Amino acid sequence: MSESEEFVVLSRGNGESDSDTCSAAAELEEFVILSRSDGDSGSDACSTATESEDSQAQPQYEYKSLPVGEYIRYLILEPGKDHEPLGGRLLTERLDDVPAFDAISYTWGSHEKIGYIDCDGKVIHLTANLRDALLRVRLPTCSRVLWADQICINQEDPVERGHQVALMSKIYGKSRTTLIWLGPDDSHAEELLSLIDEVYTILNAQIAEYGSFRNLPVLQSTHPIANDPRWHFLATMTNFAWFRRVWVVQEAGLAEDPLILYGKYAFDWEMTMTVLRWLNQQANVILERFHFRPNPMHMERLRIWPNGDVGNQNMQFYGGVRRWPFLQVLHFSRQLRASDPRDHVYAFLGHPSAQHPKSGIPIITPDYTRTVSQVNLDFALQYLEWTEDLNLLSYVQHGDDTSLERSVPSWVPQWHSALGNVLGHDGQDVYVAGLQSRASPRFIENIRGLRVGAVIFDIIQYQSRAFTVQDIHPPAHDRPEHPEASDFNPMRDIWEHLSRPGSSCAYADNGRLRALVHTLVAGFTMDTPSQAKANAATYLLRVLPHIEASPYYILSAFKDGAKSGKAEVYENDAYYQGRNRKFIVTRNGSYGLAPLVAREGDICCVVFGVRMPFILRSATEPGHYKLVGEAYIHGTMHGQVVKRCEDGELQEEDITLV
């Protein structure tokens, strides 16, 4: 979309100022001059000393309580140029009656407030980043109607903050557009703009040839675009704080047509995100070469938020949309940052799955008087009440043993804590360890416990150390010629344990190796079965060069496959599934991947109604357990444990997770 199309609509202030009567042509002309001029409105527009001195001479703005209901404040930003101080008016109105406005999406950066805006003759202090954003979007001759949380919400009132946060999705959904302020230009924005335009043009041509985005070929390392030095500038941009902030996912996701402002340049949102999505899916060689990895939450906007126009031209890049369920959205947000951990839940209450399907009531109401632990428990209880979906338990991740001993219930996911992927995430229907059976969770309030139906079937007897990046996925330049002699080879220790004479094994000799290679990747593969075997064989020969001498290396498919396999493909899968997990062997000889904090003596169980098995640890009371986390246990993933229970081999029982 051109700038003329983007900014031709004027912001109106209900006739509050003579400057609001500027013509659309005049506003557009002034904005284009502001966008392209050498005099960028950046952080040097006002000196900190001058701002501080000026602001101290004026009285501080005092917020009045908002009326009950869906009322918000909005800012009429007065016109100005260059170094002129910021000025405006704050008005209060019912959200549905607010005149056309643009919302600003930005990061606070330092919370030190060294800037200010004069509102109705009084001062509101601003962080430097918001000050710069307002200077960037301010028009030279016309007022502009805006919404920015730092100004429009009384940040000192936690009750108001909670009420306004509950309205946030409606505010950004109602805004004319969302202006995404990344920060001042680092002198490479123009070159980056040209790169995105060129790549988007190439993708359009390839779409015409191959039919859809998903059919595009993987970029080869020899392609000229793979070595374009301008990718360094994209790596820099995607490393800006905005791309790592939790709130901006909803702010950009709900916008009708967001626009990225980088210094004096404007980037089309859909074009930029399409290029990022292509990098993640078809051009990994560029990401590896230039050392960056964008979070998928922005580029998957149409899969997260339902308000996008799924019929528009950009949808040809996606080849159809499968919406992300709410738990998956919360999980991916764990990689993002929030100054307040409660916002890992509050920042996504605009998601359709966070609303009751009949009443439209949000799953919880933002309340900044409650602790982080209380918020996570509130969410878990309400989610289970609405859905009875115990797959919520798969999202529990403990970083150390102390987290199991805290007062927080072990079965409640802490959404601000990130360790790795979730094997049993929503939408993943590969495994059905306990799905064939009923799910009837019951909350025990006095102990904050969760009563569930389960089958306990095994105990951990052996555990490896937790896998790290170097263990599974070492950089190519660090690979020694003889990996069996290196420190980063946990496979050697695992294989030695499995190969000991008399070691227990739940699998026939000719199934032992198959069980191992399936377990290391939690059974996941994107390749055909034959290619997956070949990849695994090549990988094992790399890390265990003497494996062919083992009596258990007898599968001809593995021997033959090692000639055509791609070790790096299996290695990548093993890294993704196994990082921050341990390889385990149970008392009955089953192989598995268990959580980081699992240890010998922990219990293996299947919870009715859940895709994945779990690891438990006995608590003080009989029948009470701490939830260590989900696991992959080979030979139990397709209902075998439930079947043994039905056949009378195992016993169903009610257990309490505490």
Query raised in the report: Would a scan of the stretch 352-370 turn up a residue that is closer than 30 Å to I615 by Cβ and touching a residue at least 60 places away in the same chain (Cβ under 8 Å)?
Result: no
Query raised in the report: Do we find a residue being in contact (Cβ under 8 Å) with a residue 40 or more places away in the chain, of a type outside the set (D, E), closer than 18 Å to L336 by Cα and touching a Lys or Arg at 6+ places or on another chain (Cβ under 7 Å) anywhere in the stretch 260-273?
Result: no
Query raised in the report: Within the stretch 187-201, can one find any residue that is not in a helix (DSSP H, G or I) and not acidic (D, E)?
Result: yes
Report task. Test P475 against the stated conditions and say whether it is within 30 Å of the chain's Cα centre (by Cα) and at pLDDT 90 or above. Result -> no
Query - Any helices (runs of 4 or more DSSP H) falling wholly within the stretch 212-303 and containing at least 3 residues that are out of contact with any strand residue (DSSP E or B) (no Cβ under 9 Å at 6 or more places or on another chain) and over 23 Å from S333 (Cα atoms) - result: 231-238, 284-290
**Report entry** Considering residues of the stretch 265-286 that are among the aromatic types (F, W, Y) and more than 16 Å from I225 (Cα to Cα) only, the residue surrounded by the fewest Cβ atoms within 10 Å (Cβ to Cβ)
**Finding:** Y265
Query - In the stretch 336-370, residue surrounded by the most Cβ atoms within 10 Å (Cβ to Cβ) [restricted to those that are outside any loop (DSSP other than H, G, I, E, B) and not hydroxyl-bearing (S, T, Y)] - result: H344
Query raised in the report: Regarding G635, is this residue of a type in the set (G, A, S), more than 30 Å from the chain's Cα centre (by Cα) and assigned by TED's automatic domain parsing to the domain that holds G399?
Result: yes
Query raised in the report: In the stretch 169-186, what residues are assigned to a loop (DSSP other than H, G, I, E, B) and either in contact with a Lys or Arg (Cβ under 8 Å, 6 or more places away or on another chain) or basic (K, R) (or both)?
Result: R176, D185
**Report entry** Sole residue being hydroxyl-bearing (S, T, Y) and part of a loop (DSSP other than H, G, I, E, B), chosen from S373, S410
**Finding:** S410
Query raised in the report: Quick check: anything in the stretch 386-402 in a loop (DSSP other than H, G, I, E, B), in contact (Cβ under 8 Å) with a residue 24 or more places away in the chain and at positive phi?
Result: yes
Report task. With the checklist (1) farther than 22 Å from Q250 by Cα; (2) at pLDDT 95 or above; (3) not basic (K, R) in hand, flag the one item D102 doesn't pass. Result -> (1)
Report summary line: Of the candidates F243, F213, F233, the one satisfying the condition of being at pLDDT below 90 and surrounded by 15 or more Cβ atoms within 10 Å (Cβ to Cβ) is F213
Query - Those residues of the stretch 111-126 which are part of a loop (DSSP other than H, G, I, E, B) and either of a type in the set (A, V, I, L, M, F, W, C) or over 13 Å from Q150 (Cα atoms) (or both), in sequence order - result: I114, D120, G121
Query raised in the report: Just one of the numbered conditions (1) touching a strand residue (DSSP E or B) at 6+ places or on another chain (Cβ under 9 Å); (2) touching a residue at least 60 places away in the same chain (Cβ under 8 Å); (3) crowded, with 17+ Cβ neighbours inside 10 Å; (4) not aromatic (F, W, Y) is not true of I117; which one?
Result: (2)
Report summary line: Turns out the helices (runs of 4 or more DSSP H) fully within the stretch 500-583 with at least 1 residues that are at pLDDT 80 or above and outside the structural domain of V641 (by TED's automatic domain parsing) are 509-520, 529-543, 567-578
Query raised in the report: So D378 clears everything in (1) closer than 21 Å to P613 by Cβ; (2) not in a strand (DSSP E or B) except one condition, right? Which one?
Result: (1)
Query - First in the stretch 284-298 and farther than 16 Å from M273 by Cα, second anywhere and among the aliphatic types (A, V, I, L, M) and part of a helix (DSSP H, G or I), Cβ under 9 Å, 6 or more apart - result: V285/A226; R289/A226; F290/L234; F290/A235; H291/A235
Query raised in the report: Any residue in the stretch 154-168 that is in a helix (DSSP H, G or I) and of a type in the set (K, R)?
Result: yes
Report summary line: Scanning the stretch 603-615 for residues that are out of contact with any helix residue (DSSP H, G or I) (no Cβ under 9 Å at 6 or more places or on another chain) and surrounded by fewer than 24 Cβ atoms within 10 Å (Cβ to Cβ) gives I603
Query - Odd one out for F457 among (1) outside any strand (DSSP E or B); (2) within 29 Å of T525 (Cα to Cα) - result: (1)
Report task. Could you tell me whether the stretch 75-87 includes any residue that is part of a strand (DSSP E or B), in contact (Cβ under 8 Å) with a residue 60 or more places away in the chain and touching a helix residue (DSSP H, G or I) at 6+ places or on another chain (Cβ under 7 Å)? Result -> yes
Query - Which listed residue, of R176, R144, is modelled with pLDDT of 95 or more and of a type outside the set (S, T, Y) - result: R144
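The values are calculated or read from the model by the stated rules, or taken from the named source; none is laboratory data. Every value quoted in this text rests on a predicted model; they were computed, and no experiment measured them. Quick reminder, even Gly has a Cβ in these numbers, built from the backbone with ideal geometry, and neighbours come from all protein chains shown.
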